[in-house]
Amino acid sequence: MRTIIEPFRIKTVEPIRMTGREERRAILARADYNLFALQSDDVLIDLLTDSGTGAMSSNQWSGIMRGDESYAGSPSFARFETAVKGITGFEYVIPTHQGRAAERILFATLCKSGDTVPNNTHFDTTRANVEFTGARALDLVIPEGRQPQTQHPFKGNMDIGALEALIDQQGREKIPLIMLTVTNNSGGGQPVSMENIRAVSQLARSRDIPFYLDACRFAENAYFIKLREDGYGHKSAREIAQEMFSYADGCTMSAKKDGLANIGGFLCANDPALVQQQKELLILTEGFTTYGGLAGRDLEAIAVGLDEVLHEDYLNYRLASTRYLGEHIASAGVPIVQPPGGHAIYIDAQAMLPHIPPAQFPGQALVCELYLAGGIRSVEIGSVMFGRRDPDTGEETPADMELVRLALPRRVYTQSHIDYVVEVIQDVQQHKDDLQGLAITYQTPYLRHFTAKFAQLDSV
Ligand code: F0G
């Protein structure tokens, strides 16, 4: 059969509140043109993030009922730990309330001022947590990973030559760890090849530098390897994931993505002395070592989710449905990061709106228009998120790319929802030359995109 169907039936539904363009115009102005400030019932199709927004299965809901809420030594923790170890193979598993809590503990125990942490591309919370320790977060993705239209099967790969040059130049003692983000979210949801993971690992081991995976979307990455890399077509997604983790010394994970859970995360490592320090920090801010800021029922949902996410019917459907959205808007002439990533489609807002310069945030202009036109909530991944403002001069350094991300929640929307999204984007494409830029009227020094306020340029 050519049609790949959703490999599930729907047992519970959530109504969507319909809105019209004029109503949305007022809502958008009240939100100061920042879609993080919207109420979600004012959104028709919410593609803000694939994080924590997935639908759980009946087996996960059964796990929720089984959850044991004992403060210490809960059997739910034992099931969670077994599930994590079964895939990652790491010695120690530290539960956290979400990915960034794992990041904070990891970087707090490894980094100091003056250090550099290389990654293919740091996600925004990862970068912020590295910088919070005084260290520098450096992105070393291959050059193709910075070119939206260039086709490459593994655009998330690390530039091994650049990584080696960095280690030679800085010295090993200034590089407390090397990270690889699978898939590379900020670079377009692009996968990293097994060959590249192995090469980073070999280099890290030869220089005695710990190597960690930011594993939020490890299952999608594993399935891309199965589909695209020689020698992996006959292996199961689980075997491929296990091999990916086998090259690393630890990982951080947001279970809100490929854990198929609404909340949760973990930190894994093999080094007992380091883990001891990390557990002390965990107890200080997250909770005891067998729950780490989560309820027992959350641990159960993650344990089941980690198994379900590796089902190949699911992964096949998942990557096919993302590709469906990408191919349909690309064939209407909308420039997207090619090829489509695993969890999201990224529109190249700069290529689509060349008349809006980076300083006027073309991505944010497009995000606002998609909401006005169709009630779709997307997110800017460009100069609002990654641009830098000099606190003294007010001068803006733009981001490398001006992207808009359409992230697909797992198992939530059907194909007709996606057909609607395609139609809205095609309509916006018809009148794209009328879109105007925005100015920031309020911002914070860190992670400004969450709370920034904007004004339309024709109104300032
Ligand atoms: N690393 C990556 C690659 C991520 O995509 C995220 C979250 C995190 C770490 C942090 O995990 O949210 O559980 O604390 N990404 C979400 C997103 C928020 O929308 O892409 P968290």
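Checking segment 40-55 against the condition returns a match, with at least one residue being more than 16 Å from the ligand (Cβ to nearest atom), open to solvent by 10 Å² or more (accessible area, probe 1.4 Å) and not acidic (Asp, Glu).
From Arg24, Arg100, grab the single residue that is basic (Lys, Arg) and surrounded by fewer than 20 Cβ atoms within 10 Å (Cβ to Cβ). First the steps, then the outcome.
On the way: Arg24 fails: surrounded by fewer than 20 Cβ atoms within 10 Å (Cβ to Cβ).
Only one candidate passes the filter, namely Arg100.
Across segment 183-209, which residue is modelled with the lowest pLDDT among those that are assigned to a loop (DSSP other than H, G, I, E, B) and in contact with a Gly (Cβ under 7 Å, 6 or more places away or on another chain)? Selected residue: Gly187. Among the conditions (1) touching a residue at least 12 places away in the same chain (Cβ under 8 Å); (2) more than 30 Å from Asp313 (Cβ to Cβ); (3) not acidic (Asp, Glu), Gly161 misses just one, which is (1). Within segment 280-292, the set of residues being outside any helix (DSSP H, G or I), in contact with a helix residue (DSSP H, G or I) (Cβ under 9 Å, 6 or more places away or on another chain) and open to solvent by less than 40 Å² (accessible area, probe 1.4 Å) comprises Glu286, Thr289, Thr290, Gly292. When segment 182-203 is filtered for residues that are in contact with a Leu (Cβ under 7 Å, 6 or more places away or on another chain) and either open to solvent by 10 Å² or more (accessible area, probe 1.4 Å) or outside the structural domain of Thr252 (by TED's automatic domain parsing) (or both), only Leu203 remains.
Please tell me if Ile356 is crowded, with 17+ Cβ neighbours inside 10 Å, closer than 21 Å to Leu44 by Cβ, in contact (Cβ under 8 Å) with a residue 24 or more places away in the chain and β-branched (Val, Ile, Thr). Against the criterion (crowded, with 17+ Cβ neighbours inside 10 Å, closer than 21 Å to Leu44 by Cβ, in contact (Cβ under 8 Å) with a residue 24 or more places away in the chain and β-branched (Val, Ile, Thr)), Ile356 does not qualify.
If you go through segment 395-423 and pick out every residue that is open to solvent by 10 Å² or more (accessible area, probe 1.4 Å), more than 16 Å from Ala320 (Cβ to Cβ) and not in a loop (DSSP other than H, G, I, E, B), you end up with 5.
Of Gly99, Gly52, Gly63, all but one fail to be on the phi > 0 side of the Ramachandran plot and at pLDDT 95 or above; the exception is Gly52.
When Arg146, Arg100 are screened for being near the ligand (Cβ under 9 Å from one of its atoms), within 20 Å of Met385 (Cα to Cα), in the same structural domain as Cys251 (by TED's automatic domain parsing) and basic (Lys, Arg), only Arg100 passes.
Scan segment 79-93 for residues that are closer than 15 Å to Asp271 by Cβ, open to solvent by less than 50 Å² (accessible area, probe 1.4 Å) and in contact with a helix residue (DSSP H, G or I) (Cβ under 6 Å, 6 or more places away or on another chain) and report the count.
Qualifying residue count, segment 79-93: 2.
The set of residues from segment 213-237 being assigned to a helix (DSSP H, G or I) and surrounded by fewer than 17 Cβ atoms within 10 Å (Cβ to Cβ) comprises Leu227, Arg228.
Among the candidates Asp298, Asp313, which residue alone is within 21 Å of the chain's Cα centre (by Cα) and in a helix (DSSP H, G or I)? Let's see the steps before the verdict.
Details: Asp313 fails: within 21 Å of the chain's Cα centre (by Cα).
After ruling out the rest, the residue left standing is Asp298.
Give the residues of segment 378-412 that are away from the ligand (no atom under 16 Å from the Cβ) and either within 15 Å of Leu353 (Cβ to Cβ) or at pLDDT 95 or above (or both), sorted by residue number. Please lay out each step first, then the result.
Of all residues in segment 378-412, those away from the ligand (no atom under 16 Å from the Cβ) come to 383, 387-398, 400, 402, 411.
Across segment 378-412, the qualifying residues are Ser383, Pro398, Glu402, Arg411.
When you scan segment 151-164, do you find a residue that is in contact with a Phe, Trp or Tyr (Cβ under 7 Å, 6 or more places away or on another chain) and at pLDDT below 95, even just one? Reasoning before the result, please.
Step one: filter segment 151-164 for residues in contact with a Phe, Trp or Tyr (Cβ under 7 Å, 6 or more places away or on another chain), giving none.
Within segment 151-164, not a single residue is in contact with a Phe, Trp or Tyr (Cβ under 7 Å, 6 or more places away or on another chain) and at pLDDT below 95.
The values are calculated or read from the model by the stated rules, or taken from the named source; none is laboratory data. Keep in mind it's a predicted model, so treat the numbers as computed, not measured. Using ideal geometry, Cβ is built from the backbone for each residue, glycine included, and neighbour counts are taken over all protein chains shown. Ligands, DNA and RNA are stripped out before the accessible areas are found, and what is left, the full protein with its side chains, is counted by its heavy atoms. Shrake-Rupley method; radii C 1.70, N 1.55, O 1.52, S 1.80 Å.
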